[in-house]
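Note sheet for the following structure.
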Amino acid sequence: MRTSRRSATPRRYLMCPPTYFRVSYSINPWMDPGKPVDLALAHTQWEDLRDRYRALGHTVEELPPHPAFPDMVFAANGATVVDGRVLGARFAFAERHGEAAVHAEWYRAHGFRAVREPQNVNEGEGDFVVTASWLLAGRGFRSSPLSHAEAQEYFARPVIGLDLVDPRYYHLDTALCVLDPGSGEPGGRAEVMYYPGAFSAGSRAVLARLFPDALLAGPADAAAFGLNAVSDGRHVLLPQAAVGLFGPLRERGYEPVGMDLTELLKGGGSVKCVTGELRPG
Ligand code: ARG
């Protein structure tokens, strides 16, 4: 296993403050509308993550929150940005439908010229996970398989569909994280970590074929949302409760950075769910 230190590349992220965050409906098994949210704590936790990104040298843009959308803090779901091109979202549940237009408007107002309004249901980076060569795309709970073809055509990158089978891991980014996107050259393979139990047998075999050296997470770290992580190539920001992943990440030369996002977990999301990545052209 590689032990040399990895190098980070500066990233540009999009986050939306949890000003109107609450659990007033349930669209995934983590959401219990009876459970109160400590909004002040949610804010502090969210700010800690934002400030940590900035301290690591990354840019964080802030999307103004909208009072009608309590899940808007999960900014990763609003679009997918690859090579500076934006594929907007189309949400599966009515409660989140209106978020898509708010995101699309933000991109248009911030200099993104290619912004596509999607034809098929896709929940942005919840289900589209980007490497240098491919898009990995989840289906089964939220994004439609038809959105995979749409993304392939729009981004001109091969899309690899993966079937999610466990409702607790309803988005691909709850079960798989790109640690290093690779170079896009033959041999410049991406590195990922994932929880095999979230995938169908066929998709597990596909992942094993594509990523034979992947870091495999166990059920406890997956349930702590340990795969809902963000890597800049060196630092891996992940929920601090996913204790089993820290050692294996260090062995591979990564620097795990534990974050506390317990309030947002009540909505069914953590580090990655609240972080959209704006990948330049
Ligand atoms: N409550 C939100 C939903 O169910 C959480 C979204 C989490 N986001 C993510 N990228 N997995 O839609």
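What follows draws every value from the coordinates through simple rules; no lab data is involved. This is a predicted model, so every value here is computed, not measured. Neighbour counts run over all protein chains shown; Cβ positions are idealised from the backbone, glycine included.
If you find the alpha carbon centre of the stretch 231-281 and of the stretch 172-211, how far apart are they in angstrom? Taking the Cα centre of the stretch 172-211 as reference, the centre of the stretch 231-281 is 16 Å away. Normalising the Debye intensity of the chain to I(0), with uniform scatterers on Cα atoms only, and taking log10 at q = 0.13 Å⁻¹ returns -0.80. For the stretch 1-116, the relative contact order works out to 27 percent when only alpha carbon pairs closer than 8 Å and six or more residues apart are counted.
Rounded to the nearest 5, the antiparallel percentage of DSSP beta bridges internal to the stretch 1-132 is 45%.
Could you calculate the FRET efficiency of His66 with Lys35 from 1/(1 + (r/R0)^6), where r is the beta carbon distance between them and R0 is 22 Å, rounded to 0.05?
Working: r = 23 Å, r/R0 = 1.04.
After rounding, the FRET efficiency stands at 0.45.
Relative protection proxy for 67-75, 251-259, 271-279, from highest mean packing down: 271-279, 67-75, 251-259 (other beta-carbon atoms within 10 angstrom). When the Gaussian network model of the chain links Cα atoms closer than 10 Å, the mean-square fluctuations of Arg189, Arg168, Arg209 top out at Arg209. Between Gly111, Gly161, Gly124, the GNM of the chain built on Cα springs shorter than 10 angstrom shows Gly111 fluctuating the most.
Listed peptides 142-153, 34-45 appear in the order 142-153, 34-45 once ranked by packing, highest mean of other Cβ atoms within 10 Å at the front. Once both labels are positioned 7 Å from their Cα atoms along Cα-to-Cβ, the gap between Arg234 and Arg12 label points is 2.2 nm.
Projecting the alpha carbon convex hull of the stretch 1-110 along each direction and taking the average yields 9.4 nm². Computed extension length for Glu105-Ala223: 39.1 nm, one decimal, from 0.36 nm per residue of separation with the Cα-Cα distance subtracted. For the chain, the share of DSSP beta bridges that are antiparallel, to the nearest 5, is 45%.
What does the extension gain come out to for Ser200 and Ala132, with contour length at 0.36 nm per residue minus their alpha carbon separation?
22.0 nm
Think of it as helices only: each DSSP H run of n ≥ 4 in the chain is worth -39500 (n - 2.57), and spread over all residues that comes to -6500 deg cm²/dmol at 222 nm. Ellipsoid fit via the Cα gyration tensor, the stretch 121-160: semi-axes of 15, 11, 7 Å, each the root of five times an eigenvalue, largest first. Once C-alpha pairs closer than 8 Å and six or more residues apart are averaged by separation and normalised to the residue number of the chain, the relative contact order reads 24 percent. Residue separation of Thr44 and Thr19 scaled by 0.36 nm, minus their Cα-Cα distance, works out to 7.9 nm of gained length. Determine which residues of the stretch 212-237 fall in the zone a paramagnetic label at Glu251 would reach in this model, i.e. backbone nitrogen under 15 Å from the point 7 Å along Cα→Cβ. From the stretch 212-237, the list is 213-218.
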